[in-house]
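Data block below; observations after.
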Amino acid sequence: MKKNALDFWVGIFVILGFAALLFLALKAGNLSALSFQPTYEVKLNFDNIGGLKPRAPVKSSGVVVGRVAGIGFDDKSYQAVVTLDLDKQFQFPKDTSAKILTSGLLGEQYVGLEPGGDTEMLKPGDTITMTQSAIVLENLIGQFLYNKAADAGTKPAGGAPGPAAPGAAAVPAPAVPADTGASAATGASAAGVQQGAKQ
């Protein structure tokens with residue numbers, strides 16, 4: 001009896017372990033949100049897709065409206081070609097724009113759609129032309145460091161004042177007043193000489 005109970009619990013733990021492994025595998029492959037809804041295909045062109053992967057979500061206003069079906073490369077335009085499978089229940093105007101966004105600071109990347117105002121809707125096989133590539137964190141850090149180095153290189157060394165701005169008027173130096181005591185003595189001597197000459 002004890003052996004049967006032990007075998008039963010061992011079997012339960014083995015099944016739970018396999019279920020956990022299956023969940024992790026589906027999560028890693030972005031297959032945990034399989035949908036059997038009818039879809040239509042739309043293509044996008046990006047200069048840089050960053051870390052976007054197939055089966056990544058496609059969102060509009062935070063709602064998942066489709067999935068990334070595939071990622072390719074156009075050897076003529078040298079751009080990444082992203083194919084989306086959008087649920088047929090979600091229709092978007094032809095002037096819809098798309099950009100690659102990130103969930104949080106270091107989260108997974110997804111495609112965000114912003115509907116336009118066109119009355120005509122996207123059809124299967126259409127291409128969204130207004131796109132914005134992914135923001136690469138390494139490029140931002142490199143640009144920041146380059147700007148800081150450029151700013152440091154333009155500052156004058158030793159705290160010396162920099163050259164005057166062009167067109168700035170020169171300010172004249174204030175006049176230094178003469179010594180009043182010396183002026184008074186000189187005036188008195190001149191008066192005495194004139195008085196002696198008159199006598």
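What order, most packed first, do the peptides 86-94, 72-80 have when packing is the mean number of other Cβ atoms within 10 Å of each residue? Spell out each step's value before the answer.
Working: 86-94: 15.6, 72-80: 11.1.
Sorting 86-94, 72-80 by mean packing, highest first, produces 86-94, 72-80.
Measure up 43/76; 53/123; 59/123 against 22 Å on the Cα-Cα distance and list the ones that go over.
Check vs 22 Å cut-off fails for 53/123.
Using the Karplus relation 6.51 cos²θ - 1.76 cosθ + 1.60 with θ = phi - 60°, the per-residue 3J(HN,Hα) values for the range 87-104 come to 4, 5, 6, 10, 9, 10, x, 5, 8, 5, 10, 9, 8, 8, 10, 10, 6, x Hz, with x marking Gly and Pro. Put simply, the convex hull of the Cα atoms in the range 11-151 casts, on average, a shadow of 12.7 nm². Roughly how far apart, in whole Å, are the Cα centres of the range 43-75 and the range 78-142? A separation of 7 Å, based on Cα centres. If R0 equals 45 Å, the separation of the Cβ atoms of residue 132 and residue 19 corresponds to a calculated FRET efficiency of about 0.70.
Calculated FRET efficiency, residue 97 to residue 145, Cβ-Cβ distance, R0 = 30 Å: about 0.45 to the nearest 0.05.
The modelled label-to-label distance between residue 4 and residue 120, using points 7 Å beyond Cα along the C-beta direction, is 7.3 nm.
FYI, it's all coordinate maths here, none of it is from the lab. These numbers come from a predicted model, not from an experiment. Glycine also receives a Cβ, built like all others from the backbone with ideal geometry; neighbour counts cover every protein chain displayed.
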